1. Starting from 0 in steps of 5 Å, tell me what percent of the Cα-Cα pairs of segment 14-136 lands in each bin.
2. Probe 1.4 Å, all protein chains in place: accessible area of Val66 in Å², nearest 10?
3. If you bin every alpha carbon distance in segment 1-84 into 5 Å steps from zero, what whole percent lands in each bin?
4. Compute the length gained on full extension between Lys28 and Asp119: take 0.36 nm times their separation in residues and subtract their Cα-Cα distance, giving the result in nm to one decimal.
5. Leaving ligands, DNA and RNA out of it, report the carbon-plus-sulfur percent of the accessible area of segment 13-128 at a 1.4 Å probe.
6. Would you please classify the overall shape of segment 45-99 from the alpha carbon gyration tensor, given that a ≥ b ≥ c denote the square roots of the eigenvalues, rounded means a/c under 1.5, and beyond that prolate means a/b larger than b/c while oblate covers the rest?
7. Can you work out the accessible area per residue across segment 73-123, with the rest of the protein chains kept in place, probe 1.4 Å, in square angstrom?
8. So how do 9-20, 42-53 stack up, highest first, on mean other-Cβ count within 10 Å?
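The values are calculated or read from the model by the stated rules, or taken from the named source; none is laboratory data. On a predicted model such as this, the values are computed, not experimentally measured, just so you know. With ideal geometry, Cβ positions are generated from the backbone for all residues, glycine too; neighbour counts draw on all protein chains shown. Only protein heavy atoms, including side chains, enter the accessible area calculation; ligands, DNA and RNA are left aside. Shrake-Rupley method; radii C 1.70, N 1.55, O 1.52, S 1.80 Å.
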Amino acid sequence: MNESKLLTTGQRQVERGQHRAAAETYAKLLEEDPDNVQALLFLGDVYHRLEDEERASAAFVRAAEVYSRQGDALKALTVHRQAAELLPRSPEVHAALGHLCLQQRREPEALDAFGRAMDCFEERGGRLGGLGLIHDILKSAPDDLSAWLRVGEGFSALGHVKEASR
């Protein structure tokens, strides 16, 4: 089956309320072409309609990654923001959005996304994940010695001496 036929079939299934069938159709298309942005966006929409926000967000994140590889930063940011709205308590989604914003030199938005990621890590009780995120952020600002010391002290306090010494 060709790409346009699968897309049309999926759209008809959505119109008829056959969301699970549409998800299968889009998944089949993605098996043939994993970077098909249109199928990823439709799949994300279908999963959202099915109230499966995790899968919807994952489809949108994949679409954002494809847009980013294609050099379409604005579309990548837009789609990744959708993913973050669907999973507001996911530190991974917010951290990835922060990194994407840094790549696009959108520092205020990056800091906001990283802040939300840190809040999510704290809610999970994952201080180590939060420290790892700060460590990644600091790689883009290597001259902030006081921040590096705080990260090192945090790793040390959690017993991660190797990470602290780095």
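1. 2, 13, 20, 19, 18, 13, 9, 5, 1, 0
2. Using a 1.4 Å probe on the heavy atoms, I get roughly 10 Å².
3. Using 5 Å bins, I get a P(r) of 3, 18, 27, 23, 18, 9, 1, 0 for segment 1-84.
4. Values: separation 91, 0.36 × 91 = 32.76 nm, distance 3.69 nm.
Gain on stretching Lys28 to Asp119: 29.1 nm.
5. Carbon and sulfur atoms account for 47 percent of the accessible area of segment 13-128.
6. Oblate.
7. Per-residue accessible area for segment 73-123 comes out at 51 Å².
8. 42-53, 9-20
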